[in-house]
Amino acid sequence: MSDTPASSPVLSFASARRSVEEQAALCHPGGTESVDLLTAAGRVLADPVLADRDIPPFPRSTRDGYAVRSADLAQTPVTLEVIGEIKAGERPEKITKNVERGQAVSIMTGAPVPPGADAVVMVEYSSQRENEVEITRGVGSGENIVPRGAEARAGGELVGRGVRLNDAAIALAATAGRSSLEVYRCPRVAVLTTGDEIVAIDTVPGPTQIRNSNSYSLAVQIRQAGGEPVLLPIAPDEPRGLHHLIEQGLSADLLLMTGGVSMGRYDLVEQVLSELHAQFFFTGAKIQPGRPVVFGKCGADSSTSEGTATYFFGLPGNPVSTMVTFELFARPILEALAGMSPRKLLFVHARLKSEIRVKPGLKRFLPAILSGEFENSQVELLAWQGSGDVAATARANCYIVLPEDRERIPADEFVAILMR
């Protein structure tokens, strides 16, 4: 970590990512709030969900068929006496009859297995005539039965603190009778786009101006990662106005700035941050797109892990660079501030459809299309015009991840991909 951008390192991708993860481990979420169960979807759990009873609360049949004593099926075919029927949700007083030797009970999927039975034979291997059933296949003890408490014991943890609540987690909470959940408050993330060439989206741009797309793409990514975006006014390429807006942004839980972090004469973000006594963890990563990304913290006691320092990222102004660097670097800090348990970045792999040639030296995250069907997938690089080509990225559903030491990757080789 350095007090000045000039003395801050440009790191490899892996080192930059580790630097972010180390700082994310020091982050703490804000307060909590209670929300109803459906509103909790996508939020981060602050109070664990515990099972209010064993799950399942009884030995549960996993098949339609017959509850039997497995020893009776040592030799098949065999004919058993059918002494009753049990459906899912059956009243307890109707399932007290014990299954004795030579007997069976017709049973439905999800129904409680009666006492005395230790297996369920599937209906496909049976033929019932009045109160008798012929079974043509044997079963082992415990087959097609989920024992009581096999999924969870009463008082056991179903969903832990720090989990982002997806469909399965919401289902578990509903199973435990939780109509509301305690979740962490969403961190406020200030978004500051810089540059005299940037105008508001409802403005007719001049010949050399562009509309502010970065603030809106970041707002979407922030919401998807569990934050609340706060869009600041567009900052001019002028130190005093930029200084004021950066100070305003530092009052949020996290500050994301786009533009102004390259080597141009009017790229002023790092200069203003230095005047605010910011600490810099790195001022570049050896990636494409996104090499000039900046990461640091600023505020009271920013040189330590204590106090009210606010983390910030200076993201490159080219739109694709902004999107990529958010996913690679800003997301882990935001997720930590939202209360999520840390997780490593994982790539999946797919077969490359066409050969790729690049210059070595940078780890590349290039827009691509993953296509195919079922297990037969393949990935192909999209034709694009560089890190300003949002149109190509909008068509992409992933990024091909190319290692920094490869110049040529032949068709049919498996390559790493990062899903969009």
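The values are calculated or read from the model by the stated rules, or taken from the named source; none is laboratory data. Just so you know, these numbers come straight off a predicted model, no measurement behind them. Every residue, glycine as well, gets a Cβ built from its backbone with ideal geometry; the counts of neighbours run over all protein chains shown. For the accessible areas, the whole protein counts, side chains as well, though only heavy atoms, and no ligand, DNA or RNA atoms are used. Shrake-Rupley method; radii C 1.70, N 1.55, O 1.52, S 1.80 Å.
Miscellaneous remarks
- Looking at segment 129-236, the strands (runs of 3 or more DSSP E) lying wholly inside it that each contain 2 or more residues that are in contact with a Gly (Cβ under 9 Å, 6 or more places away or on another chain) sit at 180-184, 188-193.
- Qualifying positions in segment 338-370 - open to solvent by 20 Å² or more (accessible area, probe 1.4 Å) and closer than 30 Å to residue 47 by Cβ: 340, 341, 342, 343, 344, 345, 346
- Qualifying residues in segment 1-29 (those that are more than 16 Å from residue 326 (Cα to Cα), over 20 Å from the mean Cα position of the chain (by Cα) and surrounded by 20 or more Cβ atoms within 10 Å (Cβ to Cβ)) - the one modelled with the highest pLDDT: 11
- Considering 386, 372, the condition of being at positive phi, over 25 Å from the mean Cα position of the chain (by Cα) and of a type outside the set (Asp, Glu) is satisfied by 386 alone.
- Search result, residues across segment 88-110 that are crowded, with 23+ Cβ neighbours inside 10 Å and small (Gly, Ala, Ser): 104
- Some residue of segment 63-82 being open to solvent by less than 70 Å² (accessible area, probe 1.4 Å), under 35 Å from the mean Cα position of the chain (by Cα) and under 25 Å from residue 153 (Cβ atoms): no
For every residue, the table says whether it meets (1) surrounded by fewer than 17 Cβ atoms within 10 Å (Cβ to Cβ); (2) in contact (Cβ under 8 Å) with a residue 60 or more places away in the chain.
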| position | (1), (2) |
| --- | --- |
| 121 | no, no |
| 127 | yes, no |
| 131 | yes, no |
| 137 | yes, yes |
| 140 | yes, yes |
| 149 | no, yes |
| 157 | yes, yes |
| 160 | yes, yes |
| 164 | no, yes |
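- Residue 200 among the aliphatic types (A, V, I, L, M) and either open to solvent by 80 Å² or more (accessible area, probe 1.4 Å) or under 25 Å from the mean Cα position of the chain (by Cα) (or both): no
- Residue match in segment 345-360 (condition: among the polar types (S, T, N, Q) and farther than 20 Å from residue 286 by Cα): yes
- Condition met for residue 340 (of a type in the set (A, V, I, L, M, F, W, C), touching a residue at least 60 places away in the same chain (Cβ under 8 Å) and part of a loop (DSSP other than H, G, I, E, B)): yes
- Subset of segment 203-219 [without any contact (Cβ under 8 Å) to a residue 12 or more places away in the chain and either touching a helix residue (DSSP H, G or I) at 6+ places or on another chain (Cβ under 9 Å) or open to solvent by less than 80 Å² (accessible area, probe 1.4 Å) (or both)]: 203, 205, 206
- Residues of segment 371-407 satisfying the condition of being of a type outside the set (Gly, Ala, Ser), open to solvent by 60 Å² or more (accessible area, probe 1.4 Å) and part of a loop (DSSP other than H, G, I, E, B): 374, 375, 385, 404, 405, 406, 407
- Hey, residue 47 under 32 Å from the mean Cα position of the chain (by Cα) and either touching a residue at least 40 places away in the same chain (Cβ under 8 Å) or open to solvent by 10 Å² or more (accessible area, probe 1.4 Å) (or both) or not: yes
- Summed over segment 408-420, the residues that are open to solvent by 60 Å² or more (accessible area, probe 1.4 Å) and either at pLDDT below 95 or part of a strand (DSSP E or B) (or both) give a count of 4.
- For segment 22-31, the condition of being out of contact with any helix residue (DSSP H, G or I) (no Cβ under 9 Å at 6 or more places or on another chain) and either within 30 Å of residue 155 (Cα to Cα) or touching a residue at least 12 places away in the same chain (Cβ under 8 Å) (or both) holds for at least one residue.
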